[in-house]
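Let me begin by presenting the structure, written as structure tokens, before commenting on it.
The values are calculated or read from the model by the stated rules, or taken from the named source; none is laboratory data. In this text, all values refer to a predicted model and were calculated from it rather than measured experimentally. Cβ: placed from backbone, ideal geometry, glycine included. Neighbour counts: every protein chain shown.
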Amino acid sequence: MADAGKGKLGMKVTLTKAQLSQCTQAGNLRNQLARLSGIKNQKIDKDRPETDIDVLGAKAELAVSLVFGVDFSLNAMGIDDGCDFFLHDIGVDVKSTFYKTGRMLFRSKDTFKADVCILATATDRPNQVEVVGWLSRKEFMQIAQMSDVGQYSGWAVDQDKLRPLGELWHIYKQRELSG
């Protein structure tokens, strides 16, 4: 079970050794499958190896699934359709960043296909992820600003504009219980 502690808006999730190993394997496999399939990498951080970015993505997705208590398989095969998993009927895209103050970023607004996006950041501990906050697609479209992120321009929202996880938890449980 993950250890969750309070962050600014969200929660810090500490992964077990077994979970961390699964994330490393999943991240490496995702990278290999995508490159073998001819899928161009959408990475933003050009200074890190692709596998490091894919491993962080797997850790972030697992951490978010643990926070919300949903079943999630790191070993799902194939390229996702813009949703990493669902909270009942709410499609979730998890974005991750190595930077504690990193922003929710999309290369274009068209790539935000899920109902909501949740931002997670790396911490100083390799087995820990901070799940920071979330936004609906509609909110993102309204408040995102075009931003130069070094290697390209994209759409970004700072962490202080994200909504607290508790609000999404409430919406999720309300939908789940009402069918």
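Given the criteria at pLDDT 95 or above, out of contact with any helix residue (DSSP H, G or I) (no Cβ under 9 Å at 6 or more places or on another chain) and of a type in the set (K, R), does R125 qualify? Before you say what the answer is, go through the steps one by one.
On the way: at pLDDT 95 or above: yes; out of contact with any helix residue (DSSP H, G or I) (no Cβ under 9 Å at 6 or more places or on another chain): yes; of a type in the set (K, R): yes.
Yes, satisfied.
Working only within the stretch 114-162, note down all residues that are under 20 Å from L62 (Cα atoms) and basic (K, R).
R125
Does the stretch 68-87 include one or more residues that are in contact (Cβ under 8 Å) with a residue 60 or more places away in the chain, out of contact with any strand residue (DSSP E or B) (no Cβ under 9 Å at 6 or more places or on another chain) and not charged (D, E, K, R)?
To start, the set of residues in the stretch 68-87 that are in contact (Cβ under 8 Å) with a residue 60 or more places away in the chain comprises 68, 87.
Filter once more, so that each one left must be out of contact with any strand residue (DSSP E or B) (no Cβ under 9 Å at 6 or more places or on another chain): none.
There is no residue in the stretch 68-87 that is in contact (Cβ under 8 Å) with a residue 60 or more places away in the chain, out of contact with any strand residue (DSSP E or B) (no Cβ under 9 Å at 6 or more places or on another chain) and not charged (D, E, K, R).
Out of the stretch 20-51, which residues are modelled with pLDDT of 90 or more, surrounded by fewer than 20 Cβ atoms within 10 Å (Cβ to Cβ) and not hydroxyl-bearing (S, T, Y)?
Matches in the stretch 20-51: L20, Q22, Q25.
Restricting the stretch 1-19 to residues that are of a type in the set (G, A, S) and at pLDDT below 70, which is surrounded by the fewest Cβ atoms within 10 Å (Cβ to Cβ)?
So, considering only residues that are of a type in the set (G, A, S) and at pLDDT below 70, the one surrounded by the fewest Cβ atoms within 10 Å (Cβ to Cβ) is G5.
Only residues that are at pLDDT 85 or above and part of a loop (DSSP other than H, G, I, E, B): list them for the stretch 61-83, please. Walk me through how you get there before you give the answer.
Applying the first criterion (at pLDDT 85 or above) to the stretch 61-83 yields 61-72, 82-83.
Residues satisfying the conditions are G69, V70, D71, F72, G82, C83.
Just give me the residues in the stretch 16-31 being under 10 Å from N127 (Cβ atoms) and under 15 Å from the mean Cα position of the chain (by Cα), in sequence order.
Scanning the stretch 16-31 gives a single hit, C23.
Could you tell me whether L56 is assigned to a helix (DSSP H, G or I), farther than 18 Å from A120 by Cβ and modelled with pLDDT of 70 or more?
On the way: assigned to a helix (DSSP H, G or I): yes; farther than 18 Å from A120 by Cβ: no; modelled with pLDDT of 70 or more: yes.
The answer is no for L56.
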